[in-house]
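Heads up: the structure comes next, in structure tokens.
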Amino acid sequence: QVQLVESGGGLVQAGGSLRLSCAASGRTFSSNAMGWFRQAPGKEREFVSAIRWSGGSTYYADSVKGRFTISRDNAKNTVYLRMNSLKPEDTAVYYCAISATGWAITQPSDYNYWGQGTQVTVSS
């Protein structure tokens, strides 16, 4: 079993920054990747970023490329999402997730375990 706990969300003005954290516990050593998704009211959950557990390759949605950075601390089993130059359209609940098997990483169905989510609100 795997547990994920996100933290770091909040209210920030446009142009500001936040860093989200996702602490994983349980059987994470054989995972494929950890990812971040977000879901705004009335919209579908969308891919934001992911990092491979082995090798550390990173992936970003076009909408956040150049502004967001995903990283990991293997010793702490924690993944971070640094979000710079935030825009009002980044407002959403942000979820971290673990993909336990396979190779695909950009769809919610590629992931097996989810955190509870953390709210990010960007004011204009």
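The values are calculated or read from the model by the stated rules, or taken from the named source; none is laboratory data. Since the structure is predicted, the reported quantities are computational estimates derived from the model, not experimental observations. Quick reminder, even Gly has a Cβ in these numbers, built from the backbone with ideal geometry, and neighbours come from all protein chains shown. Surface accessibility is based on the protein's heavy atoms, side chains included, excluding ligands, DNA and RNA. Shrake-Rupley method; radii C 1.70, N 1.55, O 1.52, S 1.80 Å.
Scan the range 84-97 and give yes if some residue there is assigned to a strand (DSSP E or B) and basic (Lys, Arg), otherwise no. Explain how you work it out, then say what you get.
Residues of the range 84-97 assigned to a strand (DSSP E or B): 92-97.
The next check asks that each one be basic (Lys, Arg); those that pass are none.
Taking every residue of the range 84-97 in turn, none turns out to be assigned to a strand (DSSP E or B) and basic (Lys, Arg).
State the number of residues belonging to the range 15-28 that are closer than 18 Å to Val48 by Cα and either in a strand (DSSP E or B) or of a type in the set (A, V, I, L, M, F, W, C) (or both).
Residues meeting the conditions: 6.
Kindly indicate the residue of the range 75-124 that is under 20 Å from Leu18 (Cα atoms), among the hydroxyl-bearing types (Ser, Thr, Tyr) and touching a residue at least 60 places away in the same chain (Cβ under 8 Å) and also most open to solvent (accessible area, probe 1.4 Å) among those meeting that condition.
Of everything passing the filter in the range 75-124, Ser124 is most open to solvent (accessible area, probe 1.4 Å).
With Ser21, Ser49, Ser57, Ser17 as the choices, which residue is hydroxyl-bearing (Ser, Thr, Tyr) and at pLDDT below 95? Please lay out each step first, then the result.
Numbers: Ser21 fails: at pLDDT below 95; Ser49 fails: at pLDDT below 95; Ser17 fails: at pLDDT below 95.
It is Ser57.
Taking the range 32-59 as the region of interest, how many residues are in a loop (DSSP other than H, G, I, E, B) and among the acidic types (Asp, Glu)?
First pass over the range 32-59, keeping only residues in a loop (DSSP other than H, G, I, E, B): 32, 40-45, 53-57.
Going one step further and asking which of them are among the acidic types (Asp, Glu), we end up with 44.
Qualifying residue count for the region: 1.
Hey, could you check the range 29-39 for residues that are more than 14 Å from the chain's Cα centre (by Cα) and more than 13 Å from Tyr111 (Cβ to Cβ) and say which is modelled with the lowest pLDDT?
Within the range 29-39, the first condition is being more than 14 Å from the chain's Cα centre (by Cα), and the residues that meet it are 29-32.
Then drop every residue that is not more than 13 Å from Tyr111 (Cβ to Cβ), which leaves 29-30.
Details: Phe29: 60, Ser30: 63.
The extreme case among them is Phe29.
Return the only residue of Arg45, Arg67, Arg72, Arg19 being touching a Leu at 6+ places or on another chain (Cβ under 9 Å) and open to solvent by 60 Å² or more (accessible area, probe 1.4 Å).
Working: Arg45 fails: touching a Leu at 6+ places or on another chain (Cβ under 9 Å); Arg67 fails: open to solvent by 60 Å² or more (accessible area, probe 1.4 Å); Arg72 fails: touching a Leu at 6+ places or on another chain (Cβ under 9 Å).
The conditions single out Arg19.
For the range 1-56, enumerate the residues that are acidic (Asp, Glu) and touching a Ser or Thr at 6+ places or on another chain (Cβ under 6 Å).
So in the range 1-56, the residues acidic (Asp, Glu) come out as 6, 44, 46.
Scanning the range 1-56 gives a single hit, Glu6.
Does the range 60-81 hold any residues that are assigned to a loop (DSSP other than H, G, I, E, B), of a type outside the set (Asp, Glu) and at pLDDT 95 or above, and which are they?
Ala61, Ser63, Val64, Lys65, Gly66, Arg67
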